[in-house]
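One structure is given here, and the rest of the page talks about it.
What follows draws every value from the coordinates through simple rules; no lab data is involved. Just so you know, these numbers come straight off a predicted model, no measurement behind them. As a convention, Cβ positions derive from the backbone with ideal geometry for all residues, glycine included, and neighbour counts pool all protein chains shown.
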Amino acid sequence: MPITVAEKYDSRQSTTGNNAQVTLTYIASGSDDDLAIKSAVENFAPETYDGLPMQSVQIEPISEEYWDASVRYAEATSTSSGGSSNPDPGSGEYTYSFDTMGGTQHITQSLDTVGSYADSSIPSAPNFNGAIGVSNTNGNAEVQGVDITVPIYNFSETHYLTVEQVTPEYKGTLFQLTGKVNNATFRGLAAGECLFLGASGTLHGTEFTDGTSGGGDWEITYRFAASPNKTGITIGSITGIAKKGWEYLWVRYADVEDMDAMAMVSRPVAAYVEQVYESADFSLLDIGT
């Protein structure tokens, strides 16, 4: 399968001024080989953009054969005896990006059945109380459900930290927080609504004309996804259900007799809310709340 590279719609974030820079973002697919993906992105992206040369290429896997990629363009570093000027943003600065492309969720229950139509041979269409795609195989009822798009708010922040801040212990903290949800309000999102997807970092060092090098700032991108908490959920005749954004709701069905349709139907008889992600203190990220 050939590797394909496509620019994302929210690409071309730029900064003007003394530290002018542009970041182009792409989706690459077709291989699980990180070196092949990186090479394909480098060949696809322009060598310069808006007069700025390519400085770095960053890739991150998002599934088996899909990758997020970003190509950064900035002013070339100028060197002089004993030192250099660093074009990167200074420590304490940050950039922010987001999208609301949503995510896919498999559901077995509708919000409302807006129509049902029966063959003339039966009194009425069986009432499944919102169950979707009910079928009967060898006397066993199955609820197939359907995949839908649900609201998910994806956002990322790139912060510039000093080498003193990014210790091995801090990298370990990022590792431990990955796949956790917030246990308190974070970026205006209530506890349980924000999932930390992980972080990636690049150290921008400085090379001096005498052949020595010195540490610069760490450029670290933090990625998050948000899903809203919900209350007052109704499923069939079950009411008062509440779930946090990243908890999982599933429904148990049982066969009951629909006296109007003279048929056995599958209807929701219980709903369960499961915690599938651990919660954690996002203040440990040390990027504010």
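Remarks
- Helix 34-44 vs. the chain, principal-axis angle (Cα, 0 to 90°, nearest 10): 70 degrees
- Helix-derived mean residue ellipticity, 222 nm - over the chain, DSSP H n ≥ 4, -39500 (n - 2.57), to 500: -2000 deg cm²/dmol
- Ranking of 34, 147 by count of other Cβ atoms within 10 Å, fewest first: 147, 34
- Cα-based Rg of the chain normalised by 2.2 N^0.38 Å, two decimals: 1.37
- Under 5 Å, built H, 5+ apart or other chain: amide partners of residue 191: 185
- About the centre of its Cα atoms, the chain shows a dipole size close to 680 debye [charges on the beta carbon of Lys, Arg (+1) and Asp, Glu (-1) only; nearest 20 debye].
- Charge dipole of the chain about the Cα centre (unit charges at C-beta), most positive-ward option of 181, 195, 273: 273
- Averaging the sequence gap over all C-alpha pairs within less than 8 Å and six or more residues apart, then dividing by the number of residues, gives the chain a relative contact order of 15 percent.
- Pairs from 38/230; 8/171; 38/244; 171/244 whose Cα-Cα separation, in the structure shown, is over 31 Å: 38/230; 38/244
- D by Stokes-Einstein for the range 1-76, Kirkwood Rh over Cα pairs, 37 °C, 0.692 mPa s: 261 µm²/s.
- As a proxy for reagent exposure, ranking 252, 223, 187 by other Cβ atoms within 10 Å from fewest up yields 252, 187, 223.
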